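The values are calculated or read from the model by the stated rules, or taken from the named source; none is laboratory data. Everything quoted here is computed from the prediction, not taken from an experiment. Because the Cβ atoms are built from the backbone with ideal geometry, glycine has one as well, and the counts that use them run over all protein chains shown. Ligands, DNA and RNA are excluded from the accessible area calculation, which covers all protein heavy atoms including side chains. Shrake-Rupley method; radii C 1.70, N 1.55, O 1.52, S 1.80 Å.
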Amino acid sequence: MKRSLAVNILLALTLLALVILVALPFWWVISGSFKLPQDIIARKPTFFPHSFTLQHYVKLLANSAYTTYVGNSLIVATFSTLITLALAVPASFAFFRLKFPGRRTLFRIILLAYAFPSIVVLIPLFGMFTKLGIIDTLPSLVIVNVAFALPFSIWMLRSFFATVPKEIEEAAVMDGAPPTVILRRVMLPLIAPGMASVGIFAFISSWTEYVFASVLIISDDKRTVPVGFAGIIGQYQIDWGLLLAGVVLAVAPVVILFAFIGRWFVSGLTEGAVK
Amino acid sequence: MKRFASMTLAAVLISSAAYAAPVELTLWHMEQPPQRVQRIQEMLDAFNDSHPDISVSQEPQSWGEVYAKAPAALAAGAGPDMIFTIPDFTPVLKDLGKVQSVADFVEKLDSEHHFIPATLEPYTYDDGVWAVPLYNMSMNMWYRKSEFEKAGISVPETWDDWLKAAETLATSEMYGIGVPANKQLYTDQTIYSVMANGGASELYNEDGTLRFDNPETVAAYDFYSKLVALSPPDVNSWTWGEAEACFTSKSCGMIMQFSVISTYDTQGGGAPEDLGIAAIPTKNAGGEHNTIAYPNGVMLLTDDKAKTEAFETFVSWLLEPENYGKFLNMEPGLFMPVTEDGAKAESFWSDPMVEKYKPQIETAIANSKNGKLFGFTSGRIFPSIAAISAQNLLAATVQDVTVSGDSAADAVAAGQKTMEEAAE
């Protein structure tokens with residue numbers, strides 16, 4: 001059925017409105033980060049910058065440990081993502097395929113763990129990590145991030161396993177493949193988009209995690225982006241240019257990663273499914 | 001032989017003393033902006049160089065997390081040896097039994113440098129002094145001299161003058177004033193500054209019961225709501241930064257603010273002759289101008305004798321006038337001296353930014369002498385102030401008037417009830 005011109009125009013306008021709604025805050029942040037301080041806080045803000053300066057970026061990179069914070073965030077988020085995936089895949093496959101007593105109950109309890117307010121374990125965790133000697137270390141953040149990302153990742157991946165046609169798995173069983181081989185050779189290529197989704201979820205959760213990173217890390221040179229950034233801004237004053245430049249540099253690695261690398265990652269993995 | 005043994009022993013002692021590790025002190029502070037961290041590091045480097053037997057290192061923290069982080073760290077044995085503090089925060093650590101009284105040390109420092117009494121008061125209770133005051137912050141009224149001249153008004157002295165000035169300044173290009181109405185610490189500070197100038201500085205009766213619900217407080221809230229009505233419509237979400245931006249961009253005729261002059265200078269183009277800083281107006285003519293003030297101090301968190309001595313050496317060094325000004329000017333204009341000789345120190349007044357805004361800073365220092373802080377005004381500490389402060393109940397009452405539309409009398413009565421519940 002062919003859509004009428006009026007409907008097409010309406011759809012285009014709706015789409016345009018949505019794009020503006022999503023893109024406008026990004027535009028304000030990015031364009032603002034290149035404006036002079038007086039233009040940023042001007043009562044009548046300009047949509048297109050009337051001035052151009054890199055002073056906020058220079059100040060951010062020269063006067064703070066911002067690159068260290070970004071490096072720490074990359075380490076924590078990458079390891080958290082890899083470990084989450086490594087644990088979530090076999091766990092969700094076990095919940096999907098293996099039969100064992102209390103499977104359903106355990107599966108529901110896992111989601112409860114996701115709904116658990118993490119803040120209440122903050123102080124006990126601090127004491128526990130101190131006894132283990134891992135306070136003020138990046139591995140402590142990796143452990144926390146994996147612990148909080150894992151339950152939802154298991155749930156997500158299990159639903160991806162459920163979308164795989166049963167016949168494919170049955171064919172592998174007929175060929176005599178054990179569960180580990182079925183998982184590795186048959187299921188993993190088919191649930192690749194799910195793994196990519198979980199990877200993105202785990203990465204962004206770790207990248208943006210603030211509460212634990214702010215308490216478990218004591219030294220400045222081990223801070224992640226959200227915590228280091230909060231410190232740069234200060235309490236009684238706000239350097240708006242620094243704030244905007246910091247936001248751009250905080251978001252940029254994630255956008256670049258998933259706009260380019262993420263796309264290749266997903267397409268590469270899903271090739272197996274097509275075959 | 002005996003002589004040889006003695007000489008050997010002496011040599012061993014001398015060499016071991018020569019190679020003795022310095023006493024290490026860790027300092028937590030919440031002055032995280034890069035320029036402040038950098039200035040503190042410069043101070044520590046200078047101190048460590050001149051005192052090879054002591055090594056002080058800093059670990060900047062955030063005010064947002066330190067209330068939870070410091071107790072956890074201390075309980076786990078991973079805390080610092082000294083930590084910067086404000087009066088609200090001190091009881092949190094004192095209740096853990098970790099803070100050492102520095103009464104004798106403060107007495108000695110006072111005889112040398114003469115503390116402003118208002119900066120010592122919030123730390124003096126329960127037979128001890130729980131922090132050494134280091135720097136003060138006081139709230140003042142900011143205005144633009146050129147706008148006042150243009151409008152033909154003078155600096156307001158009373159609430160009536162103040163309201164008229166805000167009404168006169170309000171044009172299509174500018175809001176008459178900008179006062180916050182967010183449920184946040186900034187609003188606690190501004191409403192208390194108004195309360196303190198309207199005879200409502202005491203939150204507690206002598207017996208420790210709350211006296212928030214009284215005619216003076218109601219009058220202060222009623223007046224404050226009139227100021228909010230002349231402020232920008234987004235003041236319900238304001239913190240210090242938004243107020244500063246409103247004033248700096250010439251969108252607000254007046255604000256109440258701590259004196260972070262560097263932001264006015266850098267973001268507003270810097271016109272020192274146009275920046276007016278005045279005392280916050282009083283309810284009636286002839287009254288004493290009060291304001292909220294936060295004397296920041298340093299707490300000692302160890303009972304180790306060597307570390308205590310090192311702490312005293314470090315703090316004494318910091319308060320020496322030749323060092324103290326440089327320390328205060330980690331944020332020029334914001335941090336005020338707490339000692340008489342510090343207020344005259346060459347190291348303080350020779351900073352380029354301080355030289356540029358000297359009259360404004362002199363006014364801020366004068367105003368800080370009448371500084372008050374809610375819950376710390378009677379020489380005694382009532383523990384419930386921590387809950388009232390933490391939940392921003394003074395600001396919540398402002399919102400009841402300005403957002404919910406309650407009358408000031410109803411809002412204050414409800415505020416007293418909420419405070420009593422929080423105090424339980």
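Among the residues here, B:ALA165 does not qualify as surrounded by fewer than 19 Cβ atoms within 10 Å (Cβ to Cβ) and touching a residue at least 24 places away in the same chain (Cβ under 8 Å). Restricting attention to the stretch B:280-314, the residues being closer than 19 Å to B:PHE335 by Cβ and hydrophobic (A, V, I, L, M, F, W, C) number 5.
One residue stands out in the stretch B:169-185 among those that are closer than 15 Å to B:PRO232 by Cα and open to solvent by 40 Å² or more (accessible area, probe 1.4 Å): the one that is farthest from the other protein chains (Cβ to nearest Cβ), namely B:ALA170. Exactly one residue out of B:THR266, B:THR187 is out of contact with any strand residue (DSSP E or B) (no Cβ under 7 Å at 6 or more places or on another chain), polar (S, T, N, Q) and under 25 Å from B:ALA408 (Cα atoms): that is B:THR187. Between B:SER225, B:SER262, the distinction of being in contact with a helix residue (DSSP H, G or I) (Cβ under 8 Å, 6 or more places away or on another chain), open to solvent by 10 Å² or more (accessible area, probe 1.4 Å) and within 13 Å of another protein chain (Cβ to nearest Cβ) belongs to B:SER262 only. In the stretch B:376-384, the count of residues that are in contact with a Gly (Cβ under 9 Å, 6 or more places away or on another chain), open to solvent by 30 Å² or more (accessible area, probe 1.4 Å) and either part of a helix (DSSP H, G or I) or of a type in the set (Asp, Glu) (or both) is zero.
Can we say A:SER206 is within 8 Å of chain B (Cβ to nearest Cβ) and either open to solvent by 40 Å² or more (accessible area, probe 1.4 Å) or in a helix (DSSP H, G or I) (or both)? It is false that A:SER206 is within 8 Å of chain B (Cβ to nearest Cβ) and either open to solvent by 40 Å² or more (accessible area, probe 1.4 Å) or in a helix (DSSP H, G or I) (or both). Scanning the stretch B:115-156 for residues that are modelled with pLDDT of 95 or more, part of a loop (DSSP other than H, G, I, E, B), surrounded by fewer than 24 Cβ atoms within 10 Å (Cβ to Cβ) and touching a Gly at 6+ places or on another chain (Cβ under 9 Å) returns a single hit, B:VAL155.
If you go through the stretch B:37-62 and pick out every residue that is facing another protein chain (nearest Cβ under 8 Å) and either assigned to a helix (DSSP H, G or I) or free of Cβ contacts under 8 Å to residues at least 12 places away in the same chain (or both), you end up with 2. Residues in the stretch B:228-251 that are farther than 18 Å from B:THR282 by Cα, open to solvent by less than 30 Å² (accessible area, probe 1.4 Å) and at pLDDT 95 or above were compared, and the one that is nearest to the other protein chains (Cβ to nearest Cβ) is B:PRO232. Within the stretch B:177-232, the set of residues being more than 22 Å from B:ARG380 (Cα to Cα) and among the aromatic types (Phe, Trp, Tyr) comprises B:TYR186, B:TYR221, B:PHE223, B:TYR224.
Taken together, the residues in the stretch A:54-80 that are part of a loop (DSSP other than H, G, I, E, B) and touching a residue at least 60 places away in the same chain (Cβ under 8 Å) amount to 2.
Do we find a residue being of a type outside the set (Phe, Trp, Tyr), within 14 Å of another protein chain (Cβ to nearest Cβ) and surrounded by fewer than 22 Cβ atoms within 10 Å (Cβ to Cβ) anywhere in the stretch B:272-294? No, the stretch B:272-294 contains no residue that is of a type outside the set (Phe, Trp, Tyr), within 14 Å of another protein chain (Cβ to nearest Cβ) and surrounded by fewer than 22 Cβ atoms within 10 Å (Cβ to Cβ).
With the checklist (1) open to solvent by less than 20 Å² (accessible area, probe 1.4 Å); (2) of a type in the set (Asp, Glu); (3) free of Cβ contacts under 8 Å to residues at least 24 places away in the same chain in hand, flag the one item B:ASP160 doesn't pass. Among (1) open to solvent by less than 20 Å² (accessible area, probe 1.4 Å); (2) of a type in the set (Asp, Glu); (3) free of Cβ contacts under 8 Å to residues at least 24 places away in the same chain, the lone unmet condition for B:ASP160 is (1). Within the stretch B:71-85, if we keep just the residues that are closer than 14 Å to B:GLU59 by Cβ and within 8 Å of another protein chain (Cβ to nearest Cβ), the residue that is least open to solvent (accessible area, probe 1.4 Å) turns out to be B:ALA73.
For the stretch B:385-399, what are the residues that are at pLDDT 95 or above and open to solvent by 50 Å² or more (accessible area, probe 1.4 Å)? Correct list: empty. One residue alone among B:GLY371, B:GLY333 is within 22 Å of B:VAL37 (Cα to Cα) and open to solvent by less than 40 Å² (accessible area, probe 1.4 Å), and that residue is B:GLY333. Specify the residue that is least open to solvent (accessible area, probe 1.4 Å); the eligible residues are those in the stretch A:156-184 that are part of a helix (DSSP H, G or I), more than 20 Å from A:LEU87 (Cβ to Cβ) and not aliphatic (A, V, I, L, M). Per the stated criteria, the residue is A:GLU169. Would the stretch B:100-114 turn up any residue that is surrounded by 15 or more Cβ atoms within 10 Å (Cβ to Cβ), touching a Phe, Trp or Tyr at 6+ places or on another chain (Cβ under 7 Å) and assigned to a strand (DSSP E or B)? No, every residue in the stretch B:100-114 fails to be surrounded by 15 or more Cβ atoms within 10 Å (Cβ to Cβ), touching a Phe, Trp or Tyr at 6+ places or on another chain (Cβ under 7 Å) and assigned to a strand (DSSP E or B). None of A:LEU249, A:LEU244, A:LEU257 is in contact with a His (Cβ under 7 Å, 6 or more places away or on another chain), open to solvent by 20 Å² or more (accessible area, probe 1.4 Å) and more than 11 Å from every other protein chain (Cβ to nearest Cβ) except A:LEU244.
The residues listed here are A:ILE218, A:ILE233; of these, the one that is surrounded by fewer than 24 Cβ atoms within 10 Å (Cβ to Cβ), touching a Lys or Arg at 6+ places or on another chain (Cβ under 9 Å) and either closer than 30 Å to B:TYR186 by Cβ or at the interface with chain B (Cβ under 10 Å from one of its Cβ atoms) (or both) is A:ILE218.
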